[in-house]
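Reading through the C-alpha cells given below for one structure.
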Amino acid sequence: MSKVAEILPALLSKTSEVLVRSEIRELLKLTSQPGIVSFAGGLPDPGLFPIEEMKDVVNTVLEREGGQALQYGPTEGDSRLIDFIVRWMREDEGAEIDKDNILIVSGSQQALDLVGKIFINPGDPIIVGLPTYLGAVQAFKSYRAKMIGVHVGNEGMDIERVEEILREYREKEEKVKFIYVVPDFQNPSGVTMTLERREKLLSLCYEYGTVVVEDSPYRDLIFEGEPFPMVGAMDKKGYAFSLHTFSKILSPGFRMGWIIANSAIMDKLVMAKQSADLCTAPFGQSVIYEFCRRGLLKPHIEKIVKLYRKKRDIMLNALDKYIPKETGISWTHPQGGLFLWMTLPEHLDADDIFPRAVEKKVAYVMGSAFHFDRSGKNTLRLNFSYPREEQIDEGIKRLADLFKELL
Ligand SMILES: Cc1ncc(COP(=O)(O)O)c(C=O)c1O
C-alpha cells in the first residue's frame, strides 16, 4: 500500500498547488525570540484589550441570553449588531445603507475570501496595489486570479495607470473583475488615498464597468487631520463594496467584521458564506453587540488612538534622531493606522539584510513580501502598535546602526 503522500499529487486540486504559506506568519516565528524588538507583526497592543469590561459583558450575555448566544445564528448576522453598524455607518460615514447592505463576517480576511469566491474565475484579471496587503493577495491567489500590480505612492494608488490598464483590457474585450484598495492608512505603507483619486477611481469604475473592493481596517485609527470620505460612501451606484473589522479597533480574537455591499450582490455573498462557515460566531456577535450597546466602543477607540499616536511619534522621533537624511533613507509619516513604510537606497536589499537585523535583535517585514511580483526589494514595513513604548527607540537605534554599517 502506498503512503498517502505518494497518492496525494493525483488527488489534490489545482488550487492547492497555488496555495502558499504566509511569509509573515513564518517570519513572526523567528522574531518571537527573546530580546528581539519586533516591528514585524501587525498586531494591536494586547495591553489595550478591554479585558475587565469584557468580563462583565460576557457575564451579562450568558446570564441574559444564555442558550441563544450559544446557538447557531442567521448567516447575515445578529440583527441587533447589524442595526448598530447601520446607525454608525450612516451617522459617522454618511453611508446611505440599511440592514440589507450588511453581512457580518468572520474577520475581513473572510470577506476577502468571499469576494474572491464570487468574482474570480481562474485567470481573471484584477488590479491590486504594489505594495498591498499580503492576506488579500493570498486570498485572491487561491482563486487563481491574474493580478495586475499598480504602484501605490504617497497619494495612494496610481490612478492614471489604473485607467491605462482598464483601457487595455477593454480593447482586448476582457473585464477587469475588481480593483482592490486599502484607501486609509494602508497596510503596509501607511499612506492614504487622496480625495481626487477616490473620485477618479469611482468614475473609472462607472466608465469601464468594474467594481472597487475597499478594505478598511484602519480608518478609525486616525491620529490627525480630517478623514476623506469612504469610497463606499461616495459611491451612489453600488459599485464599491467596503470591508470592515473589529480586529484593530477592539480585538482580532473575536474574528469579527462586516461587509457593506449593494443588495444586488448580497445574496451571492450570503450563499458563499453559508458554504464557508454557516454563520459568524453568534456568541462573539452578542458580546460585541453588548459592548457597543453600553457605549464602550467609541471611548475605547479614542483611548487606543491616543496611545498609537504616541507610539507613532516615538518611532518618527527615533528615526529623525538616528537616521541622518544623507543616508538617502526615507519613510512615510502615517496619519493613522499601525504601519510606517521605509525606502532604502536602491542598492540595499531588505530581504538580504533581514538576517543581519535579527542578529542585531530587531525585526521588520521586507517590503517584497507585499509585492506579489517580488519587487520593492529596497523597502520595508515597520509596525509601531505592538512593541512597547520603551522598545521603539532602542529598536530603531539598532536598525540605524545596521544601516550605517551597510552604507
Ligand atoms: C488591509 C487588511 N485587510 C484585512 C485584514 C484582516 O483582518 P481581520 O482580522 O479582520 O481578518 C488585515 C489584517 O491585518 C489588513 O491589514
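The values are calculated or read from the model by the stated rules, or taken from the named source; none is laboratory data. Not measured: the values here are computed from a predicted model. Virtual Cβ from ideal backbone geometry, glycine too; neighbours counted across all protein chains shown.
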Qualifying residue in region 326-341 (condition: out of contact with any helix residue (DSSP H, G or I) (no Cβ under 7 Å at 6 or more places or on another chain), part of a helix (DSSP H, G or I) and closer than 24 Å to residue 194 by Cα): no
Residue among 180, 206 that is in contact (Cβ under 8 Å) with a residue 24 or more places away in the chain and crowded, with 24+ Cβ neighbours inside 10 Å: 180
Check on residue 36, within 16 Å of the ligand (Cβ to nearest atom), β-branched (Val, Ile, Thr), outside the structural domain of residue 248 (by TED's automatic domain parsing) and at pLDDT below 95: no
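Can you pull out the residues in region 184-215 that are among the charged types (D, E, K, R) and either closer than 19 Å to residue 330 by Cβ or touching a Lys or Arg at 6+ places or on another chain (Cβ under 7 Å) (or both)?
Within region 184-215, 184 is the sole residue that qualifies.
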Answer residue from region 95-109, given it is in contact with a helix residue (DSSP H, G or I) (Cβ under 7 Å, 6 or more places away or on another chain) and polar (S, T, N, Q) and is farthest from the ligand (Cβ to nearest atom) among those: 101
Those helices (runs of 4 or more DSSP H) lying entirely in region 221-296 with at least 2 residues in contact with a strand residue (DSSP E or B) (Cβ under 7 Å, 6 or more places away or on another chain): 231-234, 263-277
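For every residue, the table says whether it meets (1) surrounded by 13 or more Cβ atoms within 10 Å (Cβ to Cβ); (2) at pLDDT 95 or above; (3) among the basic types (Lys, Arg); (4) within 30 Å of residue 391 (Cβ to Cβ).
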| residue | (1), (2), (3), (4) |
| --- | --- |
| 7 | no, no, no, no |
| 12 | no, no, no, no |
| 17 | no, no, no, no |
| 27 | yes, no, no, yes |
| 31 | yes, no, no, yes |
| 40 | yes, no, no, yes |
| 65 | yes, no, no, no |
| 81 | yes, yes, no, no |
| 95 | yes, yes, no, no |
Test for residue 243: is it within 16 Å of the ligand (Cβ to nearest atom) and over 24 Å from residue 311 (Cα atoms): yes
For residue 319: the one exception among (1) under 25 Å from residue 77 (Cα atoms); (2) outside any loop (DSSP other than H, G, I, E, B); (3) among the hydrophobic types (A, V, I, L, M, F, W, C): (1)
Residue satisfying all of: in region 209-218; under 15 Å from residue 229 (Cβ atoms) and either of a type outside the set (Gly, Ala, Ser) or more than 16 Å from the ligand (Cβ to nearest atom) (or both); surrounded by the most Cβ atoms within 10 Å (Cβ to Cβ) among these: 214
Identity of the residue in region 170-204, of a type in the set (S, T, N, Q) and in a loop (DSSP other than H, G, I, E, B), that ends up farthest from the ligand (Cβ to nearest atom): 194
Test result for residue 283, closer than 20 Å to residue 80 by Cβ and within 16 Å of the ligand (Cβ to nearest atom): no
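Among the residues of region 388-396, is any among the polar types (S, T, N, Q), farther than 17 Å from residue 329 by Cβ, part of a loop (DSSP other than H, G, I, E, B) and in the same structural domain as residue 22 (by TED's automatic domain parsing)? Talk me through it step by step, then tell me what you get.
The initial filter retains those residues of region 388-396 that are among the polar types (S, T, N, Q), namely 391.
Okay, now just the ones that are also farther than 17 Å from residue 329 by Cβ, so 391.
Next, from what is left, pick out any that are part of a loop (DSSP other than H, G, I, E, B): none.
No, that holds for no residue.
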